[in-house]
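Please read the structure below before turning to the comments.
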Amino acid sequence: MNKQELIDTAMDAETGEQEVFDRASGAPLPSTVAASTAFPGIYPPITINGRRYMDGSLRSATNAALAAGARTLVVIDPQAHLFPRELLQQELAVAAAHTVVTIEPDSASIRAFGSDLNDRTTWEPAYQAGLRQAIDAAEQLRLAWKTGSDMD
């Protein structure tokens, strides 16, 4: 049986600690989504249960370690080209998934992004570049699923 759960990650703006919001946390979904995207200089911190939270990517771009125990892990990392990979490698070691598929920008996507990720004129070309990558990503996922289902 596959376990699928929606979680939002945020960073406590005061302590820098990671917070994971899920159905059991009791926090309203719109607030947790807003907190998980509240980026300094763009969107203000979001208050949930008296604490202020900011984008969870400030601690980790992927939060892959949260998938500990997963058989198959799909990591979607649209900013992989901007950060060192050591943290991701550490998180993947913690997750210890049997199969890992990492989806990150190819060279055409990186060119389409440009140097300013907030430049909205690049969003459409970046989206189109991502669509072109989707065929390869779908094949990676299909092979990962097939390999995993063959082992059950």
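The values are calculated or read from the model by the stated rules, or taken from the named source; none is laboratory data. Quantities reported herein were computed from a predicted structural model and do not represent experimental measurements. Because the Cβ atoms are built from the backbone with ideal geometry, glycine has one as well, and the counts that use them run over all protein chains shown. Remember, those area values only see protein heavy atoms, side chains included, never the ligands or the DNA or RNA. Shrake-Rupley method; radii C 1.70, N 1.55, O 1.52, S 1.80 Å.
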- [ ] Please give the per residue accessible area of the chain, computed with a probe of 1.4 Å over protein heavy atoms only, in Å².
- [x] 66
Task: trypsin sites (Lys or Arg not before Pro) restricted to region 1-109 and DSSP loop, no more than 16 other C-beta within 10 Å - done: Lys3, Arg71, Arg85
Open item on the list: Give me the net charge for the shell around Leu29: Cβ to Cβ below 12 angstrom, other residues only, Lys and Arg +1, Asp and Glu -1.
Closed with: -1
Task: Spacing of the two label points (7 Å from each Cα toward its C-beta) at Phe39 and Trp145, in nm - done: 3.0
- [ ] Just round it to a whole percent: the fraction of Cα-Cα distances in region 81-136 exceeding 13 Å.
- [x] 66
Task: Portion, in percent, of the accessible area of region 1-79 that falls on carbon or sulfur, probe 1.4 Å - done: 52
Open item on the list: For a test of the definition: using alpha carbon positions, the gyration tensor, and the 1.5 limit on a/c, classify region 45-84 as rounded, prolate or oblate.
Closed with: oblate
Open item on the list: Given points 7 Å out from each Cα along the Cα-Cβ axis, report the Gln90 to Ala24 separation in nanometres with one decimal.
Closed with: 2.6
- [ ] Go through Ala93, Tyr127, Asn49 and say which Cα lies farthest out towards the positive end of the charge dipole of the chain; charges sit on Cβ, +1 for Lys and Arg, -1 for Asp and Glu.
- [x] Tyr127
TODO: With N set to the residue count of region 1-142, report its C-alpha Rg divided by 2.2 N^0.38 Å to two decimal places.
DONE: 1.12
Open item on the list: If each residue of separation counts as 0.36 nm, what is the full-extension length gain between Ile7 and Asp106 once their alpha-carbon separation is subtracted?
Closed with: 32.9 nm
TODO: Sum -39500 (n - 2.57) across every DSSP H segment of at least 4 residues in the chain, then divide by the residue count to get the 222 nm mean residue ellipticity, nearest 500.
DONE: -11000 deg cm²/dmol
Task: Cβ-placed point charges (K, R +1; D, E -1), dipole of region 9-99 about Cα centre in debye, nearest 20 - done: 160
Task: Linear extension gain, Arg71 paired with Asn49, 0.36 nm per residue minus alpha-carbon span - done: 4.6 nm
